[in-house]
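Structure first, then comments.
Every number here is computed from the coordinates shown, using simple stated rules; none is lab data. The shown structure was predicted, so the numbers you read here are calculated from the model rather than taken from an experiment. Cβ placement follows ideal geometry from the backbone for every residue including glycine, while neighbour counts extend to all protein chains displayed.
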Amino acid sequence: MSKNLRPARRPAGRGARLTLAAGLVLAGLGAAAAPSPARATVAPASAGSPLDLPLHWAASSPALLPRQAGPPPLDLRRGHALDQTLAAVGLVGASFALDRAVGAGYPQRGPSLVFEEPGETFGGATLLLAGTAALAAGGIALHKPALVRTAKESALALGATTAVVLLAKLATQRQRPDGSNRYSFPSGHTAGAFAVATVLDREAGRGLGRFAYLAAATAGYARIAGNKHYFSDVVTGMLVGHLVGRLVTRHRHAAVASPAAPLPEAPAH
């Protein structure tokens, strides 16, 4: 095994400090993404995404879920959103324990290369920005306001995710596994890909959303296989991107999920 494929040894306590930093970021994003109490309600099942389910199960006891047919709807109450954020912080902390096992180096052949090269493309800024611009242009050309709105939300999610990731990288100064620099935590490629995937899932439908999540997961895999990130970098980037995507789409979804108040009846004459 090539020496440069082995993850760098981390100082003692480094994982705990990075988990705390990730917790502060995720808690802030989770609090911002939670709808206001005035609009608190239970959203329809279609509003959930594949990422919401593990966070929902990690944050909730099955005994407390309402008995009903079919999968439980996503609960968008503020307290529940914060519970999911705490569960996300727990997932980040657990991911540090898997850094060496998952990032011990991948053989540069076979399936690794098959997924690594497309993954680098899916998570790259060029494709994400070009795709967002193409979506906006298509919406304008076809007179589809929904496509233009989705493009605007994708651009906003990319900008916000980039800002959060850059601040986190500068604050943590974690060295990359290949030793190239100290901007490993979290993975910006993964965060950007999952931010756009979350927007597409919530705005453009589950079919396109599932494909976008698959592409985003491939981007995360590629960053580990290419020895650019630890597993915990990718997990944190995934959660940051997902929460930012929910944040930029929360207002419209809260308005759609909240039933309209009944109009007052006219007084009898």
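A compact table of results
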{"item": "Estimated FRET transfer efficiency (residue 130, residue 86; beta-carbon r; R0 45 Å; 0.05)", "result": "0.80"}
{"item": "Between region 223-249 and region 111-167, the alpha-carbon center distance in angstrom", "result": "15 Å"}
{"item": "Karplus-derived 3J(HN,Hα), 6.51/-1.76/1.60, for each residue of region 94-100, Hz, glycine and proline x", "result": "5, 5, 5, 5, 9, 4, 6"}
{"item": "Efficiency of FRET from Cβ geometry, residue 181 and residue 117, R₀ 25 Å, rounded to 0.05", "result": "0.70"}
{"item": "Packing rank of 214-221, 83-90, 192-199, where each peptide gets the mean count of other beta carbons within 10 Å, highest leading", "result": "192-199, 214-221, 83-90"}
